[in-house]
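Here is the structure we will look at, set down as structure tokens.
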Amino acid sequence: MTDTRLFTLLFTGTWCLVGAIFLCVGIGLRRSFARREERLRARAEGTVAEIVRRERRDSDGRGVSWYPIVEFEADVRKISLECGDGGGRKTFYEGQRVEVLYDPDDPSVFRIEGHGTTRLLGNIFLAVGLVCVAIGVIAGWAIHTFSAGIHID
């Protein structure tokens, strides 16, 4: 095996392996989100009762996350829970009306419709994985094609 061929295999293989890892993580995140969505089959109109501020440690020091506390009715019970999808900026305000999706068997499992990062994160991992695989395949093809007749010994 020539050095050029070995380099091509290693280069292509590395990019494709990294891409495959990203693709697997992306698919896993998408499946996890889909399973969660299947559980959230009940809907209710809710209200943001309060916004909770939490300190967090970032790589550059301290930061703040904001978490909405949502009130809604589930089976004639009034539920008031903190939404786990907080963020670095306030995306909700007190008194805001929101659509809540929740598990009718366990209303503490809920999310605010249109809010959450799992789907976006899964799509980002899929996109990065596809780009990595494409780089590996295209670069491997280009190296193989353009190095025909060139041998590094």
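The values are calculated or read from the model by the stated rules, or taken from the named source; none is laboratory data. Just so you know, these numbers come straight off a predicted model, no measurement behind them. We place every Cβ from the backbone using ideal geometry, glycine too, and count neighbours over all the protein chains shown.
Just a few scattered comments:
- Verdict on I143 being modelled with pLDDT under 90, assigned to a helix (DSSP H, G or I), under 30 Å from T8 (Cβ atoms) and not small (G, A, S): yes
- Members of the range 4-36 found to be exposed (fewer than 14 other Cβ atoms within 10 Å of the Cβ) and not polar (S, T, N, Q), listed by number: L6, L10, G13, L17, C24, G28, R31, A34, R35
- Any chance V70 is in contact with a helix residue (DSSP H, G or I) (Cβ under 7 Å, 6 or more places away or on another chain) and part of a strand (DSSP E or B): no
- F92 in contact with a Pro (Cβ under 9 Å, 6 or more places away or on another chain), modelled with pLDDT of 85 or more and not in a strand (DSSP E or B): yes
- Taking the range 99-134 as the range and being at pLDDT 90 or above, surrounded by fewer than 17 Cβ atoms within 10 Å (Cβ to Cβ) and over 28 Å from E73 (Cα atoms) as the test, the residues that pass are N123, I124, A127, L130, V131, A134.
- Residues within the range 18-63 that are in contact with a strand residue (DSSP E or B) (Cβ under 9 Å, 6 or more places away or on another chain) and either among the basic types (K, R) or at pLDDT below 85 (or both), tallied: 12
- The range 41-65 residues that are over 23 Å from D106 (Cα atoms) and in a strand (DSSP E or B), paired with ones that are at pLDDT 80 or above and aliphatic (A, V, I, L, M) (beta carbon under 6 Å, 6 or more apart): R53/V64
- Cβ pairs under 8 Å, 6+ apart, first in the range 6-33 and of a type outside the set (A, V, I, L, M, F, W, C), second outside any helix (DSSP H, G or I): T8/S147
- Yes/no for E71 being under 28 Å from A34 (Cβ atoms), in contact with a Ser or Thr (Cβ under 6 Å, 6 or more places away or on another chain) and either loosely packed, with under 11 Cβ neighbours inside 10 Å or at pLDDT 80 or above (or both): yes
- Members of the range 25-64 that are among the hydrophobic types (A, V, I, L, M, F, W, C) and over 25 Å from L81 (Cβ atoms): V25, I27
- Subset of the range 76-104 that is in contact (Cβ under 8 Å) with a residue 24 or more places away in the chain and charged (D, E, K, R) - its residue that is nearest to L29 (Cα to Cα): D85
- Conditions (1) part of a helix (DSSP H, G or I); (2) modelled with pLDDT of 90 or more: number failed by L9: (2)
- Taken together, G87, G46 contain a single residue that is surrounded by 12 or more Cβ atoms within 10 Å (Cβ to Cβ) and closer than 28 Å to G129 by Cα, which is G87.
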